[in-house]
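Structure, as structure tokens:
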Amino acid sequence: MQKQIASYLFQNKSCPLPGIGTLSVLSSGAEADFTDKSIAAPNSFISFANTESDTTGLLKYLAATGSGSIDETAQSLDQFCDDLKKRIAEQSFVNLNQIGNFFIDGSGNIDFKQEELPAVFSQAVYAERVIHPEAEHQILVGDKETTNTIMTERLAAIPETKDRWWIWAVVLGAISLVLLLIYFTEFSGTSSFGNVIKI
């Protein structure tokens, strides 16, 4: 029955064990590491919860792969789980082939540790990022998403403005200098105190 339970677990990603709990197969996504130019393989791991779940699917599977009715299969499964629970209480750990080990933790609860997969199944693969400069791709500018083509057009359209304030300062200075020269040449004989030209 252990092989059938392992097969059901890996096919359905969840396997209830009456009186013990539920085993579930979970997976983490692949992780990209651009500095090392590699992508780590996604890891699958088996999780155990002390909560029980519906055994209908498991019973149908065991009845279909075995040679008995669903009632007989239910009795066999209950007997298997009771024996497993007793063995867990008596021994330091109990192994289920291809799945992992059940044991009693420090607080007296049933816990589970999966069998480690061989490292060959989780090797990283070489992956170098390829950038096509002529291809259009999405980029983030500030908090807005746009494309590289639109940004190239925007940056090319902005003319380069040079700061030429000093030209206006020179022109105004020249005009004021001309006005001062005109003033002093035409009104050089008078003063605010009267006529200063000698008679």
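None of the figures in this text is laboratory data; all of them are computed from the coordinates on show. Please read all numbers here as calculations on a predicted model, not as lab measurements. Here the Cβ positions follow ideal geometry from the backbone for every residue, glycine too, while neighbour counts run over all protein chains shown.
Some values worked out for this structure:
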item	result
Selection count, region 118-138, where residues are surrounded by 12 or more Cβ atoms within 10 Å (Cβ to Cβ) and of a type in the set (A, V, I, L, M)	2
Residue count, region 40-60 (criterion: over 23 Å from ASN101 (Cβ atoms), among the acidic types (Asp, Glu) and in contact with a Leu (Cβ under 9 Å, 6 or more places away or on another chain))	0
Count - residues of region 48-73 that are without any contact (Cβ under 8 Å) to a residue 60 or more places away in the chain and outside any loop (DSSP other than H, G, I, E, B)	13
Residue in region 68-87 that is touching a helix residue (DSSP H, G or I) at 6+ places or on another chain (Cβ under 6 Å) and under 30 Å from ILE150 (Cβ atoms) present	no
